[in-house]
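To start, the structure under review is shown below, and the notes come after it.
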């Protein structure tokens with residue numbers, strides 16, 4: 001059972017925390033032992049597999065972070081991706097493809113019947 005410490009409560013990859021004025025917010029949670037090592041760009045995997053690492057982690061950040069913590073999370077991911085050898089163009093593709101997917105999903109919603 002998790003216990004709130006310092007206003008933070010980690011729960012299933014999400015850190016739920018209490019803001020100064022009392023409302024709740026959320027962001028991506030990583031255990032203190034997390035090493036930030038993912039599939040490196042120099043590995044002998046198919047390029048689609050390597051790109052999917054970037055895309056899936058970016059999508060995870062957009063799904064689990066609120067609007068206040070999202071820019072910080074995306075900046076953190078960008079630095080991790082650079083550290084493991086990905087080029088800025090690959091990183092940018094992951095960031096923009098995730099945004100495009102969300103926009104497309106919004107556009108494809110069926111119109112409500114009035």
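The values are calculated or read from the model by the stated rules, or taken from the named source; none is laboratory data. Everything numeric in this text was worked out from a predicted model, so none of it was measured. Reconstructed Cβ throughout: ideal geometry from the backbone, glycine too, with neighbour counts over all protein chains shown.
Being at pLDDT below 95, under 11 Å from the mean Cα position of the chain (by Cα), part of a helix (DSSP H, G or I) and within 20 Å of residue 13 (Cβ to Cβ) is the requirement here; does residue 98 meet it? Step through it out loud before you land on a result.
Numbers: at pLDDT below 95: yes; under 11 Å from the mean Cα position of the chain (by Cα): yes; part of a helix (DSSP H, G or I): yes; within 20 Å of residue 13 (Cβ to Cβ): yes.
Yes.
Among strands (runs of 3 or more DSSP E) lying entirely in segment 1-79, which contain 1 or more residues that are under 15 Å from the mean Cα position of the chain (by Cα) and crowded, with 17+ Cβ neighbours inside 10 Å?
Values: elements: 8-11, 14-18, 24-28.
Here the list reads 14-18, 24-28.
For segment 16-36, a residue qualifies if it is out of contact with any strand residue (DSSP E or B) (no Cβ under 7 Å at 6 or more places or on another chain), within 21 Å of residue 59 (Cα to Cα) and free of Cβ contacts under 8 Å to residues at least 40 places away in the same chain, and the qualifying residues are 30, 31, 34, 35.
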